[in-house]
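> Starting off with a structure, shown below.
The values are calculated or read from the model by the stated rules, or taken from the named source; none is laboratory data. This one's a predicted model, so the numbers in the text were calculated from it and none came from an experiment. Here the Cβ positions follow ideal geometry from the backbone for every residue, glycine too, while neighbour counts run over all protein chains shown. Just so you know, the surface numbers come from the protein's heavy atoms only, side chains and all, with ligands and any DNA or RNA stripped out. Shrake-Rupley method; radii C 1.70, N 1.55, O 1.52, S 1.80 Å.
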2 protein chains.
Amino acid sequence: MKNCILLFLLFGWTIYAQENVSFGQQKEIISPEINADNSVTFRLDAKEAKKVSVQGDFLPPNGFATGSADLVKGADGIWSFTTSKLASELYSYWFVVDGVKVHDPNNAYLIRDVATIVNIFIIGNGKADDYKTKDVPHGSVVRRWYDSPTLKLNRRVTIYTPPGYETSKESYPTLYLLHGAGGDEEAWIALGRTAQIMDNLIAQKKAKPMLVVMTNGNASQTAAPGESSSKMDKPVFLQPDMFSGNTERAYPDVVKFIESNYRVKKDKANRAIAGLSMGGMHSLVISANNPDTFDYVGVFSSAMLQPKDSKADVYASFDQKLKTQKDKGYKLYWIAIGKTDFLYKQDMEFRERLDSIGFKYTYKESEGGHTWSNWRDYLTEFAPKLFN
Amino acid sequence: MKNCILLFLLFGWTIYAQENVSFGQQKEIISPEINADNSVTFRLDAKEAKKVSVQGDFLPPNGFATGSADLVKGADGIWSFTTSKLASELYSYWFVVDGVKVHDPNNAYLIRDVATIVNIFIIGNGKADDYKTKDVPHGSVVRRWYDSPTLKLNRRVTIYTPPGYETSKESYPTLYLLHGAGGDEEAWIALGRTAQIMDNLIAQKKAKPMLVVMTNGNASQTAAPGESSSKMDKPVFLQPDMFSGNTERAYPDVVKFIESNYRVKKDKANRAIAGLSMGGMHSLVISANNPDTFDYVGVFSSAMLQPKDSKADVYASFDQKLKTQKDKGYKLYWIAIGKTDFLYKQDMEFRERLDSIGFKYTYKESEGGHTWSNWRDYLTEFAPKLFN
């Protein structure tokens, strides 16, 4: 064993246990370092670089481009940059070294957003505390496959069951939670921090224990990139079938699957549906096409976005569908959007359309735009309003 | 909607739906490109770079360091390198640009191994076909938390249930599958491709449908880095408590949890335990300390590695424990190691120790060393031997 310990010390984990994937060239430096005042210092060892910058959503955006700040090279060849004090949030960033995108080699925490991988960090002592895993009872998260007879596909779904689900005899309500264009059944759990948010809201008794069903809204896709039998090509934003109405048409398959396989309450009062952007449109279309199914609807950063020339049944006679939904009643129709969202105008037009037929809704206008920061906020605000 | 489509075309997914995490500076290039002859071409847009290389496990290693090959700069500023024809495998790599580690910005598929993130790709038409998700029935993978009374911790575990588990009335056998030092409950599912391997073996009727329970073998840790309430620090290889015996001592908590919460067969003939490296040691120690529990034991790239001065009960009187295990009987004790594994000598000493007491085992010697390539092979070979 002494030999073995020696080997450890000599070669570290480069060779022991977890194979060969070390990268020895980086000096042991801390990045990102969250300072006591909630400023953050980024560091990168790049002795030969001429220019190093950090791009991240905590920096003022540059038009449509992500904000950028230059790092300064120290005498030891370590570049660094310290932000101003940051508000509580989950932030994402990457470095650019002489024109090449570089992940922070000292930060192992990455999230994929469509085809882009970003480093993340969390500033606590505020709203983002709810995005952290805390010492509270935890729900389970399962990736499971189900049959969609409508789409004739076996598809993957991500399901959060609340703490105690497996051992209680209780039946639970269900929130169906839909991602935006480019996303998939991983988006809400990874970028949306749904498991952490729900665990924390439930522990604080702010939200009822509920299932959260995160479906894949790309009707031609069986699963997230890398998780299906499709080639491991670059994930694309513009999925085929985005506005065909197939996702909405096939949604009852999901509800049927959940209600046949999970201990859930099977009535309108115990079903909610919400989504962001494309998923917001899906939610409003699905709920209008199934006016007896959902008592709670959340439309985040979205509107009625289907193409005007669409022939899909789910979009046809839509005013009539909304009137029927209104007449049949619902408990909450919650619309939220950021003031600078590029869909703000469409959202306003949609609200005017609802107003014109006397369709009641609750409207929340937040700061900011079309961002995960807002969508995590909206989930955190929406979930407590459900099933009361 | 026409405006909206225009917006799409103008700004693409940079702004729509999935926030702001685009990275516009890279030209649209394909990397890695798997060519018809199974050679692979890597490309990187790095106009200002002086030197670009690719490091990966498909290149001949350079001593203890991962193999490296230089890319050549084309007239368009795109660097490229094409490998020779590669054998079927899941490979990992990264670029080094003027001394800085860079992930391939055109490859969204990354896996974390301890603190190191690597790009991956799969060469099919051979053994690695079993590492791909195919159009076969899929099991479910759940991340769930359980109480370990022995460790006084609530801990996270990754559980694979076979296709049909949720709807059948059958009870299933269970394989407990343990990671190596530096790993956690995510290692076998991510690097080990356990879900894909099991789905494919079960579909081919090469393995019996079974649960696979992937525990966290770092006794002081509640969950993988980033998944617990601990700070999101850099994951470390040398966990405290690695050789305290606590993982082995507390393992009955896991078995009890599984057998109280899943529809599994609760007898020795229907339990297997296997692990790689540190997890191989855990498996042999746990099985020897619980000689009535496991009929199948897999020791991958491992040996009896506990410190000689350890005071832990689980390591005490170990020859006597092995003798008891031998006398009580078991169906398969499978030891596998690569010829160039740095633990080869320790493994040989362990086999001599077993020989000296007439303890029967099956020995498999493979090419290669202490690698995930071998561990995926061993799982693929071991699982079909179970529960027959």
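> Got a number for residues in the range A:226-256 being free of Cβ contacts under 8 Å to residues at least 60 places away in the same chain and over 16 Å from A:LEU153 (Cα atoms)?
6
> Would you check if there is a residue in the range A:180-190 being in a helix (DSSP H, G or I), farther than 21 Å from B:ARG144 by Cβ and not β-branched (Val, Ile, Thr)?
yes
> Continuing with this model, one more query. Does B:LEU177 meet the test of being closer than 27 Å to A:ASP135 by Cα and within 11 Å of chain A (Cβ to nearest Cβ)?
Criteria not met by B:LEU177.
> Looking at the range A:66-87, can you tell me whether even one residue there is at pLDDT below 95 and within 7 Å of chain B (Cβ to nearest Cβ)?
For the range A:66-87, residues at pLDDT below 95 and within 7 Å of chain B (Cβ to nearest Cβ): present.
> Please indicate, with yes or no, whether at least one residue in the range A:287-296 is closer than 26 Å to B:VAL141 by Cα, open to solvent by 50 Å² or more (accessible area, probe 1.4 Å) and away from chain B (no Cβ under 14 Å).
No, the range A:287-296 contains no residue that is closer than 26 Å to B:VAL141 by Cα, open to solvent by 50 Å² or more (accessible area, probe 1.4 Å) and away from chain B (no Cβ under 14 Å).
> Can you tell me which of A:LEU59, A:LEU90, A:LEU86 is under 16 Å from A:SER31 (Cα atoms), surrounded by fewer than 21 Cβ atoms within 10 Å (Cβ to Cβ) and not assigned by TED's automatic domain parsing to the domain that holds A:PRO225?
After ruling out the rest, the residue left standing is A:LEU86.
> Hey, any hits in the range B:17-28 for a residue that's at pLDDT 50 or above, more than 8 Å from chain A (Cβ to nearest Cβ) and either surrounded by fewer than 18 Cβ atoms within 10 Å (Cβ to Cβ) or part of a strand (DSSP E or B) (or both)?
yes
> For the range A:261-286, which residues satisfy the criterion of being more than 9 Å from chain B (Cβ to nearest Cβ) and over 19 Å from A:PRO162 (Cβ atoms)?
Listed by number, the residues that qualify are A:LYS268, A:GLY275, A:GLY280, A:MET281, A:HIS282, A:SER283, A:LEU284, A:VAL285, A:ILE286.
> For A:TRP94, are the conditions met, namely being within 25 Å of A:GLU186 (Cβ to Cβ) and either more than 7 Å from chain B (Cβ to nearest Cβ) or in contact with a Ser or Thr (Cβ under 9 Å, 6 or more places away or on another chain) (or both)?
Yes; evaluated as a whole, the condition is true for this residue.
> Quick check, is B:GLN306 at pLDDT below 95 and either at negative phi or out of contact with any His (no Cβ under 6 Å at 6 or more places or on another chain) (or both)?
yes
> Determine which single condition A:ASN119 fails, assuming it passes every other condition in (1) assigned to a strand (DSSP E or B); (2) out of contact with any Ser or Thr (no Cβ under 7 Å at 6 or more places or on another chain); (3) more than 7 Å from chain B (Cβ to nearest Cβ).
(2)
> A:PRO149 passes all but one of (1) open to solvent by 50 Å² or more (accessible area, probe 1.4 Å); (2) in contact with a Phe, Trp or Tyr (Cβ under 9 Å, 6 or more places away or on another chain); (3) not hydroxyl-bearing (Ser, Thr, Tyr); which number fails?
(2)
> While we're looking at this one, here's another question. With the requirement that a residue be open to solvent by 90 Å² or more (accessible area, probe 1.4 Å) and under 23 Å from B:HIS370 (Cβ atoms), what does the range B:311-354 give you?
B:LYS339, B:THR340, B:LYS345, B:GLU352
> Give the residues of the range B:296-354 that are farther than 18 Å from B:THR247 by Cβ and in a strand (DSSP E or B), sorted by residue number.
Result: B:TYR296, B:LEU332, B:TYR333, B:TRP334, B:ILE335, B:ALA336, B:ILE337, B:GLY338.
> Now a separate question. Among residues belonging to the range B:193-251 that are acidic (Asp, Glu) and in a loop (DSSP other than H, G, I, E, B), point out the one that is nearest to the other protein chains (Cβ to nearest Cβ).
If we take residues in the range B:193-251 being acidic (Asp, Glu) and in a loop (DSSP other than H, G, I, E, B), then B:GLU227 is nearest to the other protein chains (Cβ to nearest Cβ).
> Moving on. Please work out if B:PHE121 is within 21 Å of the chain's Cα centre (by Cα) and free of Cβ contacts under 8 Å to residues at least 12 places away in the same chain.
Here the answer is no, as B:PHE121 does not meet what is asked.
> Which numbered condition trips up A:ARG112, out of (1) open to solvent by 20 Å² or more (accessible area, probe 1.4 Å); (2) of a type in the set (Lys, Arg); (3) closer than 30 Å to B:ILE120 by Cβ; (4) assigned by TED's automatic domain parsing to the domain that holds A:SER302?
A:ARG112 satisfies every listed condition except (4).
> When you look at B:TYR160, is it surrounded by 17 or more Cβ atoms within 10 Å (Cβ to Cβ), part of a strand (DSSP E or B), in contact (Cβ under 8 Å) with a residue 12 or more places away in the chain and away from chain A (no Cβ under 11 Å), yes or no?
So B:TYR160 does not fit the description; no.
> A further question on this structure: Taking A:ASP37 as the residue in question, decide whether it is under 23 Å from B:LYS231 (Cβ atoms), open to solvent by less than 100 Å² (accessible area, probe 1.4 Å) and more than 29 Å from the chain's Cα centre (by Cα).
no
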